[in-house]
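Each value in this text was obtained by applying a stated rule to the coordinates, not by laboratory testing. Just so it is clear, the model here is predicted, and its values are computed rather than measured. Cβ placement follows ideal geometry from the backbone for every residue including glycine, while neighbour counts extend to all protein chains displayed.
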Amino acid sequence: MRYRACGASILLTLTLLLLTRCGGGRGPATGAHFFFSIRSPAVTVTQGGQATLTLSIERVGNFTAPVQLSVVGLPEGLEVNFSSNPVLPNQTRVVLTFRATLQTSIGTHTVTVRAQGGSIQREAQIQLTVGSAAPDFNIQLSLSSIGVVQGGSASLQVLLTRIGDFQDTVSLSLEGAPLGISAEFTPATLSGQQSISTLTLRASASAATGTFTLTVVATAGTIQRTAQLNLTIAVAPDFTLTLSSSDITLTPGSQTTLTVMLTRIGGFAQPVVLSLTGQPAGISASFNPSTLSGNQNSATLTLQVDASASPGVSTLTVHGSGGGLTRSVSLTLRITETPDFSLSVEPASLVVQQGGSVSATVHITRIGGFNETIALSLQGAPTGITASFSPSSLAPGQNSATLSIQVAAQTTPGIYTLTVTGAASLRRTVRLTLEVRIPPDFLIALNPSSVGVAQGGTATVRVAISAVGGFNERVSLSATNLPPGVNASFNPAAIQPGEESQLTLQVDTQVPHGSYTLTVQGTSGNLSHSAQLNLQVLVSFQYTIQSIFTQRCAVLGCHDSRARIADLDLSPGSAYAHLVNVPSVQDPNWIRVVPNNPVRSLLYRKVSEDNPPVGSRMPLGGRLTDEQILLIRLWIEQGAQNN
């Protein structure tokens, strides 16, 4: 492209305007110089994007000077870059790159590209258009790494950059947080023109220490952007205090020294001031040093006891204060005038069952530097109780022993007061209460223990359970040794101490009369006890005696309900009323049946004797069998009941 002297019109070639810098009043450049051209004078770049142009350098007349390129008139937020600058003699083309930030103003701008080679300057104007970027967003964190201590919190900002005309609401969340870390965004969503949220991280006191990579996630519809955050969790700065001894014994006029040890935690490096509280009158204390600087971790505590100090036990407290923290440790101070010791037993009251064993711990408290061996013994144990100590003697440094007590099964139950004795140059004792109990058991009782039941009848017996030695379990009941035809049932079938069950015995009509011994059994776990029940099966008037009368006496024309010879009706339903305690019409001095007295009963005499006191032997058709006679005799002896 050629150009004329200043003031002349400028010829545009390829729509490029070239401005040639001229010397005042001189004609066109002659000799060595260069031409500068741009392939296209217009370019468009979007916010956040880039665009390129190609610049051409044409050297004339052996022009060899480097050509320095620059751009003026750039809008804010726009950056340029030349592929080569300055342009060397062997280079004819240079690529110019425009880069627009998201904040570059939208619109058309005129910028000037200058080429300076030696004293020659060339210029070209470009129409630069900055277009709007596609709607989008990205996020940044104000900090890429953050630290928090256990029990503490830390905050940073989440910065949202909206691209183009993006106005959607963006939701924030955190991923990858370890256990014990909670996160809170304020606000949790960014809408409209909001672009900053504060992220607060809180660590629990038990949060694991270490470095973790967390991810802040921003989501709007289908668009998601993330930012990484390195979180370091450290132990909270702290400290603890310990003493070389937590229990000391002094006498009046003496002194002792202790070491106060400071343990620094989590990089704690603050000075710690030491102090003591709780000391009684006559006790003075000093620390050396009284303040532990950042690199000091121990001090000496000196305690001085005045000669007038009173004996007793005090709890002193060593305090350490520093860095806004206060920590303490307790110290027991015992002041005694003379060396001594005391005994205690734990527990002081024991309970044991006959045949069992039990143990307790004997403690020795040494006072005033008492350092003798103490022999242990037990007094007051009754017959059947033996005791042993382990160890049997407590040497200096030993302050407890185990007392083992064995109780024989025959030991009399009761409460015994025993005495534990510790003997050295001094003798001390302590009381111990021992209660010997009967092992948990139960007793079973029947009321009545003997019962009579007629054939075909029933009887009931009350079964009671009583506790022995604190027994309180359920006992299952059963009956054994039942003769054939006798059934037993319990209601209820299992009872506890203090309760009763009803035993019902059902006797069949065919059960032979006589005496039977039944066993009522009570069972609970591995315990089992029984009681004997005497069952007397009585001769039944209805099923046995009446049957004899019906077959042999209440026959037609004799002692039936029609004939009623001698006014005696022995038919079913009438016989009993005509017999028991009824005088004979033949001789009123004789009673037909006298309960419990067969000899005085005319009925028995007339069926058993050939020459009865009144009349003749009955029945007339032939005597009864010996068994039938015996049954009538037994029925009368058993009370002649209408059973």
**Item:** Net length gained if the chain between Ser489 and Asn597 were fully extended (0.36 nm per residue, minus Cα distance)
**Value:** 35.4 nm
**Asked** To the nearest 10 degrees, how steeply does helix 626-637 sit against the main Cα axis of the chain, on a 0 to 90 scale?
**Response** 70 degrees
**Message:** Place a point 7 Å from Cα of Ser171 in the direction of its Cβ. Which residues in the stretch 193-210 have their backbone N less than 20 Å from it?
**Reply:** 193-200
**Request:** Set the Förster distance to 41 Å, then compute FRET efficiency between Thr186 and Asn297 from the Cβ-Cβ distance, nearest 0.05.
**Result:** 0.50
**Complete:** Matching label for the computed P(r) over Cα pairs in 10 Å bins from 0, in percent, out of (1) 3, 9, 8, 7, 7, 8, 8, 7, 7, 6, 7, 7, 5, 3, 2, 2, 2, 1, 0, 0; (2) 3, 13, 21, 25, 20, 12, 5, 1, 0; (3) 3, 15, 26, 28, 19, 7, 2, 0, is (1)
**Complete:** Between the modelled labels at Thr64 and Gln228 (7 Å from Cα along Cα→Cβ) the distance in nm is 5.2 nm
**Request:** Mind listing the long-range amide H neighbours of Gly452? Cut-off is under 5 Å, sequence gap 5 or more, other chains count too, H placed in the peptide plane at 1.01 Å from N.
**Result:** Gln536
**Prompt:** Which whole-Hz couplings ³J(HN,Hα) result when phi for each residue of the stretch 317-333 is put into the Karplus expression 6.51 cos²θ - 1.76 cosθ + 1.60, θ = phi - 60°, listed in order with x for Gly and Pro?
**Reply:** 10, 8, 10, x, 10, x, x, x, 10, 10, 10, 9, 8, 8, 9, 8, 10
**Asked** Amide H of Gly48: which non-local residues (sequence gap of 5 or more, or other chain) have their own amide H closer than 5 Å, using H built in the peptide plane?
**Response** Ala100, Thr101, Leu102, Thr104
**Message:** Suppose each label sits 7 Å from its Cα in the direction of the beta carbon; what would the Ala348-Ser284 distance come out to in nanometres?
**Reply:** 4.0 nm
**Prompt:** In 10 Å bins starting at 0, how do the alpha-carbon pair distances of the stretch 512-555 split up by percent?
**Reply:** 23, 27, 21, 15, 10, 4, 0
**Fill in**
Here the equivalent ellipsoid of the stretch 104-239, derived from its Cα gyration tensor, has semi-axes (largest first, whole Å) of 45, 21, 10
**Request:** Can you work out the PRE-style zone for Thr257? Point 7 Å along Cα to Cβ, and I want the residues of the stretch 276-302 with backbone N under 20 Å.
**Result:** 276, 283-293, 296-302
**Asked** With charges only on Cβ, +1 for K and R and -1 for D and E, what is the dipole size of the stretch 18-131 about its Cα centre, in debye, rounded to 20?
**Response** 280 debye
**Prompt:** So, in Å, what gap is there between the alpha-carbon centers of the stretch 252-313 and the stretch 81-131?
**Reply:** 79 Å
**Solution diffusion estimate, µm²/s, Stokes-Einstein, the stretch 238-335, Kirkwood Rh from C-alpha pairs, 25 °C, viscosity 0.890 mPa s** = 178 µm²/s
**Complete:** Expected vector for the stretch 414-420, Karplus 3J(HN,Hα) from phi with 6.51, -1.76, 1.60 and θ = phi - 60°, integer Hz, x for Gly and Pro, equals x, 10, 10, 9, 9, 10, 8
**Message:** Can you work out the Karplus-derived ³J(HN,Hα) for every residue in the stretch 638-643? Use 6.51 cos²θ - 1.76 cosθ + 1.60 with θ = phi - 60°, whole Hz, and x for glycine or proline.
**Reply:** 7, x, 6, 7, 8, 10
**Message:** Quick check: the distance between the Cα centres of the stretch 553-567 and the stretch 456-506, to the nearest angstrom?
**Reply:** 48 Å
**Item:** Cα-based Kirkwood hydrodynamic radius, the stretch 60-150, one decimal, Å
**Value:** 16.5 Å
**Prompt:** Semi-axes of the equivalent ellipsoid of the stretch 428-560: what are they in whole Å, largest first, if each equals the square root of 5 times a C-alpha gyration tensor eigenvalue?
**Reply:** 48, 12, 10
**Prompt:** Hull surface divided by four, with the convex hull built on the Cα atoms of the stretch 336-453: how many nm²?
**Reply:** 9.0 nm²
**Request:** Compute the length gained on full extension between Ala563 and Gln496: take 0.36 nm times their separation in residues and subtract their Cα-Cα distance, giving the result in nm to one decimal.
**Result:** 18.0 nm
**Item:** Stokes-Einstein diffusion coefficient of the stretch 480-555, Kirkwood radius over Cα pairs, 37 °C, 0.692 mPa s, in µm²/s
**Value:** 220 µm²/s
**Complete:** For the stretch 550-636 (alpha-carbon point model, no solvent) the Debye-based log₁₀ I(q)/I(0) at q = 0.15 Å⁻¹ works out to -0.49
